[in-house]
Structures are given as structure tokens and as C-alpha cells.
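Here is the structure we will look at.
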Amino acid sequence: MGFLKRLFGKGESMPQPAPTVEEEIAEKNQEEDRAAYLALVRLLSQENERAAQGMLYAFDEPELFLKQYQEMFANWFSNEMTVEELAAYPIWELFCYVLYDEGYLGITDWKSEAEDFIYYAEKTVKKYDMQLDYSKITDKEEMAPEFFEQLKQALPTELALLDIDIDSDSYQLTVIPVEKAAAVRELTERIGGKINWY
């Protein structure tokens, strides 16, 4: 016992090695990513606190993220998702799920009818106390580039239409006030995400 005390000090914990430059950079980058994701979620969800909390859980506490969005995942996946599986998900994708569950994003397969996209767009537009102009949408069945142009024309001029690209065959559609579009672009670039604007 006395030998260990003389060797390592008076029962104090061993000093931890100083972080390497790479570790410091990685930690700083992670903090910047967290801040950017949080700001992006707030911009796209009208400062929705539940969405912001979900985003923090996605970074730090996947078990709490699962608990918060358990019903959504149960509806989407036949098998119950584990914390380990969730922790392996790209944050960019979890970011979409947060917005979807709070009603600020429509996630629809590319094979879906255009009506599905109109439904999600209408729900999101209503959150801004605005309405779609249905007279601008003539093709409500087939998904085509023309449809997105029509949907864009149907939006109030104060709103911009965008798709969050998660490198899949689905669309993650939402709207944002035009005055906030530049901030969304800047944060997306900082994170390394991709958004398609219409």
C-alpha cells in the first residue's frame, strides 16, 4: 500500500494525458456541428423546443432520443429499433426524423402520388398561418419536375420550398420563410449536408 502511494501520490487519481491536437480539433468540430444542427432545427421548426431537445438527444443520448420518438419508429420499422442501431444512424437523417415527427417535414417515397406531397406541404404551410394556392397545381398524380415547379408556384411568396437530401429515393420536403433561407444554406454547408431548393 505504502509503495503505491509513494509511486502514484497520496491516493489521488492519476493525471490524465493532455488531449492531442487531433482530439481537440475533433471535439471543437463536434461542438460546432451540435450548434449548427440545433440552429438549423430551430430555424426549420419555428423554435420548436421539443425538436431542439430531440436533436440534442440524437447527439448525446440515443436512448432518450428513442424514448422521445419511439412511436414514430414503431410505425416505420417492423422490428423495434435498438439504441445501438440508432447510434449508428447519420445525424443528418435523425435531423429529418425530428422535423418529421414535429410536423415540419414530409417524408415521401418518390413513387408516391403527388397528392401525398401536397398534403405534407399544406400541413407545413398552415404552421405559418398561410395557405397553398391549389389553382397553381394541375398535376396531382404523377411525380415529375413540373409538379415541384407547380408546388413552388402554389406557395405564398414569403415561403421557399426545399428538399433535405439524405441520399435515398425519398423526398424530405419542407418550407422555410424566404428571409431565413440564407441562414439555412449557411448552416447546411457548415454541417456538410445537402438541400435541394426549388
> Which distance in nm do the two modelled labels at Ala74 and Asp129 give, with both placed 7 Å along the Cα-to-Cβ direction?
Replying inline: 3.6
> Taking the Cα-to-Cβ direction at Trp197 and at Thr82 and moving 7 Å from each Cα, how far apart do the two end points lie in nm?
Replying inline: 4.3
>> What is the distance in Å between the Cα centroid of the stretch 104-164 and that of the stretch 30-53?
In response: 24
> Under the Karplus relation 6.51 cos²θ - 1.76 cosθ + 1.60, θ = phi - 60°, what is the ordered set of whole-Hz ³J(HN,Hα) values for the stretch 34-43, x standing for Gly and Pro?
Replying inline: 4, 4, 5, 4, 4, 5, 5, 4, 5, 4
> Which value in nm describes the separation of the simple spin-label points at Leu64 and Asp109, placed 7 Å from the Cα toward the beta carbon?
Replying inline: 3.5
> How high is the FRET efficiency from Glu47 to Ala181, r the C-beta distance, R0 25 Å, rounded to 0.05?
Replying inline: 0.90
> Among residues other than Glu158 whose Cβ falls under 11 Å from its Cβ, what is the net charge (Lys/Arg +1, Asp/Glu -1)?
Replying inline: -1
>> Give me the percent of accessible area attributable to carbon and sulfur for the stretch 100-198, probe 1.4 angstrom.
In response: 45
>> Checking the cross-link filter: which aspartates and glutamates have an alpha carbon closer than 20 Å to that of Lys127, excluding same-chain neighbours under 8 positions apart?
In response: Glu47, Glu49, Asp101, Glu102, Glu115, Asp116, Glu158, Asp163, Glu179
>> Over the Cα atoms, compute the radius of gyration (one decimal) and Dmax (the largest Cα-Cα distance, rounded to a whole number) for the stretch 83-198, in Å.
In response: 14.3, 47
> Once the piece of chain linking Ser170 and Glu93 is laid out straight, how much longer is it, given 0.36 nm per residue of separation minus the C-alpha distance between them?
Replying inline: 26.5 nm
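The values are calculated or read from the model by the stated rules, or taken from the named source; none is laboratory data. Since the model is a prediction, treat every value here as computed from it, not as a measurement. Using ideal geometry, Cβ is built from the backbone for each residue, glycine included, and neighbour counts are taken over all protein chains shown. We work out accessible area using only protein heavy atoms, side chains counted, and drop any ligands, DNA or RNA first. Shrake-Rupley method; radii C 1.70, N 1.55, O 1.52, S 1.80 Å.
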